[in-house]
Each structure stands twice: as structure tokens, then as C-alpha cells.
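Scroll down for the structure; my scribbles are underneath it.
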Amino acid sequence: MGMIEIRCYKREEKRGNGTISLLYCHKKMENLLLDYDEYDYPPHLPSGLLPTDASPEWLNKADNAWVLIAAALVGLQSVPGLIILYGSMVKKKWAVNSAFMALYAFSAVLLCWVLWAHQMSFGSKLTPLCGKPAFALSESYLLGPGPGHIPIATYVFYDFAFAAITVILIAGSLLGRMNFYAWMLFVPLWLTFSYSVGAYSIWSGNGFLQEYGEIIDFSGGYVIHLSSGVAGFTAAYWHGTVNRSRVKSDLAVGPRIPHDRQHFPPNNIIHMLGGAGLLWLGWSGFNGGSPLSANMLSALAILNTHFCTAISLLVWMGLDMYYYKKSSVSGAVQGMITGLVCITPGAGLVEPWAAFVMGVLAGFVPWYTMMVHKISTLYQLVDDPLAVFHTHSVAGLLGGILSGIFAKPSYLRMYYGAEKFHRPGLVYSVAQGQLRDGLIQMGYQLLGAGFIFVWNVFMTSLICISISKFVNLRMSDDALKVGDDAAHGEEAYALWGDGELGPPMRLHRTPRLPSFCRRS
């Protein structure tokens with residue numbers, strides 16, 4: 001039987017022409033596991049909170065509602081967020097193709113996720129690198145209890161949104177030249193053999209990197225951003241080598257045709273800002289939903305996310321103004337993204353002062369690496385149109401390292417649980433006289449980053465080389481000069497004559513076999 005504290009207080013109330021004194025008492029339960037003789041549940045509980053078939057005892061309606069909303073916010077980052085952002089940041093002739101790559105990936109990832117990839121990422125152990133492929137569609141599985149106090153169905157959908165945006169981020173490195181049929185094959189293969197391995201190794205309790213709870217990655221700085229940036233950069237490299245080798249082995253020439261590479265302005269900056277806004281606000285679900293509960297860490301994660309992002313954007317803008325003598329809207333968007341990415345590994349695990357420091361570094365370090373990239377020989381070897389490597393790989397690695405430095409012990413215990421041992425961040429370990437623990441944690445952070453880097457370079461290379469045996473990774477040079485019309489038979493801004501919309505172009509086209517049937 002739990003302890004019950006009874007508190008009473010006197011209150012005077014007006015009754016008629018006089019006043020009377022009333023004695024009010026209420027009970028404070030120190031242990032909710034009380035033995036009710038007459039009721040199965042506390043008699044004061046509203047009927048809407050009582051367990052039912054649709055809302056069993058283990059389900060917390062508030063937590064479930066918040067995670068479903070967070071999942072929708074993460075989904076909105078991709079559709080329509082990145083669809084609008086990609087379709088606006090590229091040259092006009094590539095608007096449709098760039099947006100469609102994101103839309104296709106979102107759809108294909110969901111199918112693969114429920115058929116096998118979710119279980120490979122979070123299911124029962126097959127190897128130290130991945131779980132057993134299995135369906136995540138049965139009623140008995142989806143309606144069972146998941147992590148925290150939510151159904152598995154909510155958890156499956158929430159993590160799908162993470163997987164989808166990861167694959168879509170890779171597309172940012174491949175815009176303006178990738179054969180769409182090759183992209184159709186790349187998406188399920190990379191999700192299966194790269195993303196699932198990273199998610200299982202770091203996030204799953206059975207993964208070899210997270211088995212003892214050593215890697216700090218609150219919302220995917222490593223699993224999502226570092227992996228997508230490295231994979232995009234690697235795929236862009238193979239686009240240059242594998243396809244160009246059919247003509248001549250010249251790694252110094254990037255995949256886009258020279259004119260596109262030298263002149264690649266955004267076709268609609270206002271729409272670009274709209275897509276960026278969806279990305280920024282959607283990050284509330286990205287980081288705020290990670291505790292899988294509507295608790296204090298969720299609130300802290302959201303505040304830290306927006307605080308760090310604002311600081312990063314302003315720092316990036318200030319550097320542009322100092323170096324180029326004018327502010328750049330595209331640069332401000334890049335600074336926004338680096339702030340979002342950098343705070344992700346430690347959003348709910350660091351204090352706001354640390355989020356401020358992370359924002360300053362997120363605005364400076366990727367900006368600097370991007371400037372170095374533009375004047376280096378490497379820039380001539382690898383064409384990364386939207387600088388995904390810098391905004392996601394560099395910022396994600398920076399965030400993972402800084403999370404290992406600034407993670408607060410009490411927040412780690414709240415997030416991972418007291419039974420799961422996590423060493424404090426380096427700053428707190430020094431303050432507590434435990435420098436060795438802090439250095440060990442930093443070692444684990446670097447180990448996790450190293451694994452994600454090596455695995456993605458290896459697996460992405462293998463996937464691209466394998467696809468190139470069946471489908472051309474790169475569109476033909478003639479198609480590259482045309483753009484969307486050659487790729488899809490449609491254009492983003494298709495107006496003829498005096499502002500009249502012409503008939504659909506595909507109605508006047510002679511049907512042709514897709515490129516995977518006509519490999520050259």
C-alpha cells in the first residue's frame with residue numbers, strides 16, 4: 001500500500017448575507033500502485049482516461065499523440081519541404097527532375113521500410129550489423145507495445161520518416177545529371193544495405209556500437225546526416241568516374257556539363273525560402289520526437305534546435321557579408337541547415353549555453369570547409385550541387401563530437417535510462433574530476449563517426465558500381481543539355497505563345513524504351 005498524505009486548509013465563503021468557514025481536504029499519493037478494494041482504477045479518473053480495447057493500460061495517449069504529430073512534421077520536411085527546396089534551388093531546366101527524385105524516394109522508402117527495412121534496423125538480431133528482414137505489417141506486431149508508451153505502428157511510421165529524409169538528402173549531391181532509372185534502383189539498395197546497418201549498429205540495443213549504450217546520437221547526427229552526406233559525396237564521385245570512363249578516364253571533370261556547373265542559379269528563391277521554412281519548423285518533430293514522449297527533454301530539444309539554428313544562420317550570413325561584402329539568401333539557407341544538423345546529435349542532451357556554442361561553430365566550420373572545397377582540386381573531382389557533404393557530413397560530424405563534449409549527465413540518464421551507462425560529456429567529466437571517462441566517451445564518438453564514414457564509402461561505392469553494370473548512372477550529354485523535358489517529358493514552367501498553356505508534351509512523343517532496356 002502506498003503512502004497517502006492528507007492536507008487540509010480552511011476557506012471562508014459567502015453564503016447569503018454572511019460567511020461560513022469550510023474545511024477542505026485532499027490527498028497526495030506518493031505511490032500510484034495503491035490497492036483499491038472497491039475500484040479497479042482510481043474512482044476520480046475521467047472516463048476518457050480509463051483503459052479500453054483501443055487504449056490499453058500501457059498506452060499513453062499524450063505521448064502517442066505527440067509522436068504521431070512529430071512523425072508528420074518529419075514527413076513534411078521531405079514532402080513537401082525538400083521537394084520545394086530541391087525544385088527551387090536548381091536551374092530551371094532541372095526543377096521537375098529534382099523534385100521528383102525526392103517524391104519517388106519518399107514513396108519507395110515507405111514500401112521497403114514496412115516490408116523488410118524496419119525489422120533490419122530495429123528488429124531481432126541477425127548479425128551485429130543488422131536485424132532479421134521481416135514484415136512490419138501484421139496486426140499483432142503493429143498494435144503491440146513499442147518503446148516508451150506508444151504502439152509499434154507509431155514507432156514504425158516515425159522511423160520511416162527519418163529513413164525517407166536520409167535517402168532524399170543524398171539526392172542533393174546527385175541533382176542535374178543522374179539517370180532517374182538508376183535512382184530508382186539506388187534508393188531501395190542504399191536503404192537496405194547502408195541505412196539499416198547504421199541505424200541498427202548505433203540505435204538498436206543489439207547493435208555492436210550501441211550494445212553498451214556508448215554512442216551519443218540523440219536524433220541522428222551520425223545515422224542520418226553523416227551517412228547521407230558521405231553517401232552523396234561518394235555517389236557523386238562514382239558518377240564522375242564510372243560514366244566518364246566510357247569515354248575517357250578523366251576524374252578531373254565533374255559529372256554536370258560545364259555550362260550547368262558554371263551557371264546553376266536557383267530558379268525561384270522565394271519558393272526556396274518556403275521549402276527551407278518547412279525544413280526548419282519540421283525539425284521540431286525531428287528532434288522533439290526522439291524521446292518518444294511529451295516530456296521535459298522534448299521541450300528542451302525543440303528550444304535548443306531553434307536556438308542553435310538561428311545562431312548558425314546569423315554567423316553564416318555575417319561571414320558572407322564580411323567576405324563577399326553582401327548577404328546571400330542561399331548562404332543563409334545553408335547556415336540554417338548546418339545549425340539544424342549540428343544540434344541534432346545532442347538536442348535534448350545539452351544545455352542552451354552549449355547549443356549557442358554549437359550554433360556558432362555550425363555557422364563557421366562548414367562555411368570554411370565549403371570555401372576550401374571551392375578552391376581545392378577535390379572540388380574539380382567531385383560535383384556536389386547543393387553542398388550536402390558540408391551541410392550534413394561536416395555539420396553532422398561536428399555535432400556528434402560537440403555532443404560528446406557538452407552532454408549533461410542528468411540529461412543522459414533521463415534519455416537513456418539510469419540502467420544504461422553513459423559517460424558524461426567531456427566538459428562535465430573535467431568538472432567532476434573524471435577526465436578519463438570523458439576522453440573514453442570522445443573515443444566512442446569518433447569510433448561511431450569512423451564506422452559510419454567507412455561503411456557508407458564502401459557500401460555506396462559497391463551499390464553504384466553494381467547499378468552501373470545494368471543501368472547508366474548518368475544521363476546522356478544530349479539529355480543533360482535539355483533537362484526535365486528529356487528526363488520526364490515535362491517542364492516546371494511550360495508556357496507557349498501569349499501565356500497559354502500548351503498541350504502535354506508526352507502526347508506528341510513517340511514511345512521509347514526506358515534506358516535500363518537500352519544500356520549503352
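Out of the helices (runs of 4 or more DSSP H) lying entirely within region 109-221, which hold 1 or more residues that are under 23 Å from T344 (Cβ atoms) and open to solvent by less than 10 Å² (accessible area, probe 1.4 Å)?
Passing ranges, in order: 118-122, 152-171, 180-190, 196-202.
Filter region 462-487 down to residues that are touching a helix residue (DSSP H, G or I) at 6+ places or on another chain (Cβ under 6 Å) and of a type in the set (G, A, S) and give me whichever is nearest to R423 (Cα to Cα).
Here the residue is S468.
Can you find even one residue in region 340-349 that is over 17 Å from L226 (Cα atoms) and open to solvent by 30 Å² or more (accessible area, probe 1.4 Å)?
no
Would you please name the residue that is least open to solvent (accessible area, probe 1.4 Å), looking only at residues in region 255-268 that are farther than 19 Å from E491 by Cβ and outside any loop (DSSP other than H, G, I, E, B)?
Here the residue is R261.
Quick check on G489: is it open to solvent by 40 Å² or more (accessible area, probe 1.4 Å), small (G, A, S) and modelled with pLDDT under 90?
Working: open to solvent by 40 Å² or more (accessible area, probe 1.4 Å): no; small (G, A, S): yes; modelled with pLDDT under 90: yes.
No, not satisfied.
Looking at region 280-291, can you tell me whether even one residue there is in a helix (DSSP H, G or I) and open to solvent by 30 Å² or more (accessible area, probe 1.4 Å)?
So far as region 280-291 goes, yes, one or more of its residues are in a helix (DSSP H, G or I) and open to solvent by 30 Å² or more (accessible area, probe 1.4 Å).
Specify the residue that is surrounded by the most Cβ atoms within 10 Å (Cβ to Cβ); the eligible residues are those in region 305-339 that are among the small types (G, A, S) and in a helix (DSSP H, G or I).
That would be G339.
Which of the residues that make up region 350-378 are open to solvent by 20 Å² or more (accessible area, probe 1.4 Å), under 24 Å from R423 (Cα atoms) and either β-branched (V, I, T) or in a helix (DSSP H, G or I) (or both)?
Scanning region 350-378 gives P352, W353, F356, V357, L361.
Is it the case that region 59-73 has a residue that's at pLDDT 75 or above, in a helix (DSSP H, G or I) and among the β-branched types (V, I, T)?
Yes; the residues of region 59-73 include at least one that is at pLDDT 75 or above, in a helix (DSSP H, G or I) and among the β-branched types (V, I, T).
Go through region 279-330 and report how many residues are touching a Leu at 6+ places or on another chain (Cβ under 6 Å) and over 23 Å from S410 (Cα atoms).
Result for region 279-330: 3.
When you scan region 389-408, do you find a residue that is more than 29 Å from M370 (Cα to Cα) and open to solvent by 20 Å² or more (accessible area, probe 1.4 Å), even just one?
yes
The values are calculated or read from the model by the stated rules, or taken from the named source; none is laboratory data. What you see is a predicted model, and the numbers here were worked out from it, not measured in a lab. Every residue, glycine as well, gets a Cβ built from its backbone with ideal geometry; the counts of neighbours run over all protein chains shown. The area values use the complete protein model at the heavy-atom level, side chains included, leaving out ligands, DNA and RNA. Shrake-Rupley method; radii C 1.70, N 1.55, O 1.52, S 1.80 Å.
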